[in-house]
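Below you'll find the structure, written out as structure tokens, and then a few comments.
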Amino acid sequence: MHARFPDFRLGKVLATSFTATLTERCGNAVERIPTPRRLVDWLAVSGLAVESCTTAQLELAWELRESIHAALTAAAIQDPLPASAVQVINDRSIQGRAAAVLTPENNRQWRLSSASCVEDALSVIAADSISILAGERDGKLALCASPTCRAAFFDTSQSRTRKWCEMNTCGNRQKKARFNANKSKNPGSAK
């Protein structure tokens, strides 16, 4: 019997959704792609279906994920991008075979050929991170305000003041903690 894996956190931005396959980085880390099969599953739900994945390809994916996270974090706090992270992102970007196609809704979608492998999918993720880091998108890089999370996310809200990577997880957890702290300070006010 297989252990149940944690659900994927899927957002609208491919690169930051990929970095969210490891959550609670500053707390009790949760690995959402612990096995090659799980990476295949994540790629499929992200529109980058591949047939199989080896342990070595999973390790390439983890290396890319951590490089993207390091680069996005540096960019969010306006530090220089780590050269080693940029090198990994660039290397993965040029190693794949994928094509951009235009959908009937006038959106760009990446298409892998029927013989595509994990490296092709990783090249798309790397290219997506490059477009964010190069400032080609309308939005702002930010870090989750949760002290245990600190995930990099791409804020496209109108005010660009979003605080949480996900309101349903980190935001609610912080609001609940604040509520409980206030309740314990003022025990008679919650009647």
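The values are calculated or read from the model by the stated rules, or taken from the named source; none is laboratory data. Everything numeric in this text was worked out from a predicted model, so none of it was measured. When we count neighbours, we look across all protein chains shown, and the Cβ atoms used for this are built from the backbone with ideal geometry, even at glycine.
Are any of the residues in the range 88-109 within 20 Å of Gly11 (Cα to Cα) and in contact with a Phe, Trp or Tyr (Cβ under 8 Å, 6 or more places away or on another chain)? Yes, the range 88-109 has at least one match. Among the residues of the range 67-79, just one is without any contact (Cβ under 8 Å) to a residue 12 or more places away in the chain and surrounded by 13 or more Cβ atoms within 10 Å (Cβ to Cβ), namely Ala74.
Only one of Val50, Val40 is farther than 21 Å from Cys165 by Cα and touching a strand residue (DSSP E or B) at 6+ places or on another chain (Cβ under 9 Å). Can you tell me which?
On the way: Val40 fails: touching a strand residue (DSSP E or B) at 6+ places or on another chain (Cβ under 9 Å).
Of the residues listed, the single one that is farther than 21 Å from Cys165 by Cα and touching a strand residue (DSSP E or B) at 6+ places or on another chain (Cβ under 9 Å) is Val50.
Annotation note: Cβ proximity below 8 Å between a residue of the range 160-173 that is under 13 Å from Leu143 (Cα atoms) and in a helix (DSSP H, G or I) and a residue that is among the aromatic types (Phe, Trp, Tyr) and at pLDDT 75 or above (sequence gap 6+ or interchain) occurs for Cys170/Trp164; Gly171/Trp164.
Counting only residues that are β-branched (Val, Ile, Thr) and modelled with pLDDT of 90 or more, which one in the range 25-52 is surrounded by the most Cβ atoms within 10 Å (Cβ to Cβ)?
Taking the range 25-52 as the starting set, the residues that turn out to be β-branched (Val, Ile, Thr) are 30, 33, 35, 40, 45, 50.
Those left that are additionally modelled with pLDDT of 90 or more: 33, 35, 40, 45, 50.
Details: Ile33: 23, Thr35: 14, Val40: 20, Val45: 11, Val50: 19.
If we take residues in the range 25-52 being β-branched (Val, Ile, Thr) and modelled with pLDDT of 90 or more, then Ile33 is surrounded by the most Cβ atoms within 10 Å (Cβ to Cβ).
Restricting attention to strands (runs of 3 or more DSSP E) lying wholly within the range 80-151, give those where 3 or more residues are without any contact (Cβ under 8 Å) to a residue 60 or more places away in the chain. Working first, answer last.
Numbers: elements: 98-102, 108-112, 140-143.
Counting at least 3 such residues, we get 98-102.
On inspection, Gln87 passes the criterion of being surrounded by fewer than 16 Cβ atoms within 10 Å (Cβ to Cβ), modelled with pLDDT of 90 or more and over 19 Å from Thr16 (Cβ atoms).
Taking the range 103-119, which residues are surrounded by fewer than 20 Cβ atoms within 10 Å (Cβ to Cβ) and either under 29 Å from Ala29 (Cα atoms) or modelled with pLDDT under 85 (or both)?
Our first condition is that a residue be surrounded by fewer than 20 Cβ atoms within 10 Å (Cβ to Cβ); within the range 103-119, this holds for 103-109, 111, 113-115, 117, 119.
Matches in the range 103-119: Thr103, Asn107, Arg108, Gln109, Arg111, Ser113, Ser114, Ala115, Cys117, Glu119.
The set of residues in the range 28-54 that are within 29 Å of Ala75 (Cβ to Cβ), in contact with a Pro (Cβ under 8 Å, 6 or more places away or on another chain) and in a loop (DSSP other than H, G, I, E, B) comprises Arg32, Cys53.
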